[in-house]
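Below you'll find the structure, written out as structure tokens, and then a few comments.
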Amino acid sequence: MFEVVFVCTGNRCRSPVGEASLREVAPEWVRVSSCGTLDLAAATSPSETLRAAAGLGLDLSTHRSRHLGVAKLPDADLVVGFELAHVAAAVVEGGADPAKTFTLPELIRLLGSHRPEEYPAEDPEARARRLVATAAKAKQGFVPQEEIADPIGSRQQVHDRISGQIRELAHELARTLFQPPDAGGQEKR
């Protein structure tokens, strides 16, 4: 099993959308969850995020926030935040491995710098772990533009835009990490 954990601030907007988006296209050997840096005692997602997610075909109606203190970040194969603060909290407070912890845009950039044919169709879990390790070696500091802003308190259009961006990046993550180069670019639906 390959474990991916998304981390945002309240685990109400960005990380639940990332979790649901990746879950819809990830193979069965990938476990996806999410958590937040704040303990909001099982809060629901705001109505704007619920509507934005529904517009993408994602149902977050049963989602309840959980704190990173209850997530098993040290055991995760990949921890994905949306801001540098999420990455730092995942490592410092949650015990995540720094070599397996990235912001989502940063990870997509780092993975995109490698040609899939360099990673032949080997055991899919081993291939995914090797790609994460390769991305970690390519890290050269934080790029401020590689964050996704928190939509909480914003208009519906902001929630829609950010949720769409997260879904697109989560699908790109699945294509890169979980599909061997000979898969022909077909996503699991």
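The values are calculated or read from the model by the stated rules, or taken from the named source; none is laboratory data. Bear in mind that the values here come from a model prediction, so they are computed numbers and not experimental data. Backbone-built Cβ (ideal geometry, glycine too); neighbour counts: all protein chains shown. Surface accessibility is based on the protein's heavy atoms, side chains included, excluding ligands, DNA and RNA. Shrake-Rupley method; radii C 1.70, N 1.55, O 1.52, S 1.80 Å.
Just one of (1) open to solvent by less than 70 Å² (accessible area, probe 1.4 Å); (2) out of contact with any Asp or Glu (no Cβ under 9 Å at 6 or more places or on another chain); (3) under 26 Å from L177 (Cα atoms) trips up T49, so point out which. In the conditions (1) open to solvent by less than 70 Å² (accessible area, probe 1.4 Å); (2) out of contact with any Asp or Glu (no Cβ under 9 Å at 6 or more places or on another chain); (3) under 26 Å from L177 (Cα atoms), T49 misses (3) alone.
Pairing each residue of the range 53-64 that is free of Cβ contacts under 8 Å to residues at least 40 places away in the same chain and open to solvent by less than 70 Å² (accessible area, probe 1.4 Å) with any residue that is part of a loop (DSSP other than H, G, I, E, B) and not small (G, A, S), provided the two are 6+ apart or on different chains, yields C-beta distances under 9 Å for A54/L60; S61/T44. All conditions but one from (1) under 22 Å from F178 (Cα atoms); (2) assigned to a helix (DSSP H, G or I); (3) of a type outside the set (S, T, Y); (4) without any contact (Cβ under 8 Å) to a residue 12 or more places away in the chain apply to A20; the one that does not is (4). Of all residues in the range 1-27, those satisfying the criterion of being over 12 Å from the mean Cα position of the chain (by Cα) and within 15 Å of D77 (Cβ to Cβ) are M1, F2, P27.
Against the list (1) in a strand (DSSP E or B); (2) modelled with pLDDT under 95, the condition V80 fails is (2). The requirement of being out of contact with any strand residue (DSSP E or B) (no Cβ under 9 Å at 6 or more places or on another chain) and surrounded by fewer than 16 Cβ atoms within 10 Å (Cβ to Cβ) is fulfilled somewhere in the range 35-46, by at least one residue.
Taking the criterion of being surrounded by fewer than 13 Cβ atoms within 10 Å (Cβ to Cβ) and within 16 Å of A85 (Cβ to Cβ), the residues of the range 144-169 that qualify are P144, Q145. Looking at the range 143-166, is at least one residue in a loop (DSSP other than H, G, I, E, B), of a type outside the set (A, V, I, L, M), more than 29 Å from E48 (Cβ to Cβ) and at pLDDT 95 or above? Checked against the condition, which is being in a loop (DSSP other than H, G, I, E, B), of a type outside the set (A, V, I, L, M), more than 29 Å from E48 (Cβ to Cβ) and at pLDDT 95 or above, the range 143-166 yields no hits at all.
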